[in-house]
Each structure stands twice: as structure tokens, then as C-alpha cells.
Amino acid sequence: MAVACLLFAWIAIPSSAANAAPMASPNPAAALGNDISWPQCGGGLPSGQAFAIVGVNGGRPATVNPCFAEQLGWASRSAGGTSQAAAALYVNTANPAEYGGWWPSANTDVTLSGPNPYGNCDGTASAACAYIYGYGMASDDVNRFGVPDPAKHMWWLDVETGNAWSWDTAANAADLEGMAAYLQSIGVAVGIYSTSYQFGVIAGQLRPNSNLNGLKSWLAGATSPESAAELCSAPPLTAGGVVALTQFTTDFDYNYSCIPPAPPPPPAPAPVVAPPAPPVPTLTEDANGKRKPVLSIPQS
């Protein structure tokens, strides 16, 4: 999508990790996962998935996936067998500034777990206010949209040009940092879903001390199980990160785990069995009164 579309993306079809065009059929023998969200409401769901990722929102921040509870229940029944959690979550991201339904006017509009790295929000479309906006959006995702046990899930930030973004990439990065900061404050693992092109257009060059550096990457853009496996060797979205997942799409979105599962623990060592103690001889006395063992085999 062209950069010029960024500020006007609210009028487009909502974007999500579960809303891409159909491609070739997946390899049924591969241990693949699926991601689903509001586009799958009222329709069939995949079966036999190794792991699953469910969208919390309805395509944009501050909206809810109306089928979330049902879909999370489906995800919890994933088969396992990979390094990925059976059921993870993803949330939509955006930085609409004054074009959104809510925009902060001060740092105190949310309850921060630490200082705002960009200083004081003054209600403008600044990085400081974008950080507060992202922090507040993530708090809503966790607390307002029916997520049970939010701290037990992996959370992915869905970063796509289909949602509303500022021309100021530093402010966009601050928004994503605010979202990550809130999620990290409740002790959950955070990752980023995007393509390298889209993430660069939106967030630009991150600060060296950005909390987005080191996060796991979930890369879109593969067209088959084979190209999804190849995409695992692509650079991560942020410095110090690792490509954990790649995605391709057919009838559903399929995801390939780039991180091999941990090897099974070695078998427990066989118990050490002590040799049996020699039998205690039965003693008797000879004619001279000397004690001697009773022979079990007659002597010739």
C-alpha cells in the first residue's frame, strides 16, 4: 500500500492478520498453526491446527471481535507439537492522532507503570502523546474486551498500513512502544506482526533503546508452506529480535513456526539395583564343638 494512504486508512476495509487474499493450498503434513479473527465470525474454523492466534479487536484499535470468546475456546484445543503456545492473541494498532475517537491530553490520562520516555503529553500529535495513546489502547485490549487470564497469553501487535498512521514515524514508533510497555508491565511476552516494508514505512528507524528491539517477529508475505519456511531466514523486524513465525494464506491464514520445539528430556536413568547380599550361612557344631557352615551339597 502506498505511503500516501496512511492518514486516510480508517475508511478502508479494516486490516487484520486474519484478512488476506487466498493463495495455494497448504501442506497438510506440516505442523501449521492458524490465525483467525472477526472475518471468520459465523463461518467454519480450521481444524487440527498445531497452534492458534486469535484477534482481540474488530479490525481496528478500540473495537472488539464479536466472536472472540468462541474463537479463543477453539484455539485452546490446538494440538500442540511446536514451540508456539497453543493459544496466543493479536491486537490491531494505529496512531490516528486528532483524527481518532480519543486522544490523550496529558500523561495522567493513563496510569503509567514508569516514566514516559518522550516526556510530557500536551494534547498534540507528538511522540509523547502517541506513547500515552498506545499505552491506553493496550490497557483497553487487556481489560475491556473480555480476555480471560490475559497474562497467560503471548500478545502480538498487528502493524499494517491498512490502519491509520501519522506521517511522523517517530510518533508511530512511540505509539507501538506504549502498547508494548503496557503489555510488558503485566508480564506478558510481546511480538510484532508485519512485513519489513510495512513496518519500516510506519515506524521508521527505531531508537537504540526502544522496547520494540528484541521482540519476536511474525512475518507476513509467504505464499506456501515452502516459502513460509524460507521466510524464516529473513531479518527480524527489530534489532535483536528473532523471526518466530511466518504466514501464508489459502482458505485460512496459516502460520509456520520458525523456532524448533525443544527436544524431549532425556530418559530417566535406569535405577541402580544393588547386587543381592550373599546368603548368611547356617552354622552348626562338629563333634569337637567347632562351629562350621552346613553344606547344602553333600561332599563325597
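Every number in this text was worked out from the coordinates using simple rules, so none of it is lab data. The structure displayed is predicted, hence computed values, not measured ones. Heads up, the Cβs are rebuilt from the backbone with ideal geometry, glycines too, and the neighbour counts pull from every protein chain shown.
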Quick one: divide the alpha-carbon radius of gyration of region 50-96 by 2.2 N^0.38 Å and tell me what you get.
-> 1.27
Antiparallel DSSP bridges in the chain: what percent, to the nearest 5?
-> 35
Quick one: length gained pulling Trp102 to Glu285 fully straight, 0.36 nm per residue minus the C-alpha distance?
-> 55.4 nm
Phi angles of region 209-222, converted by Karplus (6.51 cos²θ - 1.76 cosθ + 1.60, θ = phi - 60°) into ³J(HN,Hα) in whole Hz with x for Gly and Pro, give 9, 4, 6, 7, 5, x, 6, 5, 10, 10, 9, 8, x, 6
For region 117-165 and region 202-260, compute the distance between their C-alpha centroids and round to whole Å.
-> 20
Please compute P(r) over all alpha-carbon pairs of region 152-300, binned at 10 Å starting from zero, and give each bin as a whole-number percent.
-> 9, 27, 21, 8, 5, 4, 4, 6, 8, 6, 2, 0
How large is ³J(HN,Hα) for each residue in region 252-261, as worked out from phi by the Karplus curve 6.51 cos²θ - 1.76 cosθ + 1.60 (θ = phi - 60°), to whole Hz, x for Gly and Pro?
-> 10, 7, 10, 10, 9, 7, 7, 9, x, x
Taking the square root of 5λ for each eigenvalue of the C-alpha gyration tensor of region 11-257, the equivalent ellipsoid has semi-axes, largest first and in whole angstrom, of 29, 19, 16
Lys and Arg at +1, Asp and Glu at -1: add these up for the other residues within a Cβ distance under 12 Å of Leu245 and post the number.
-> -1
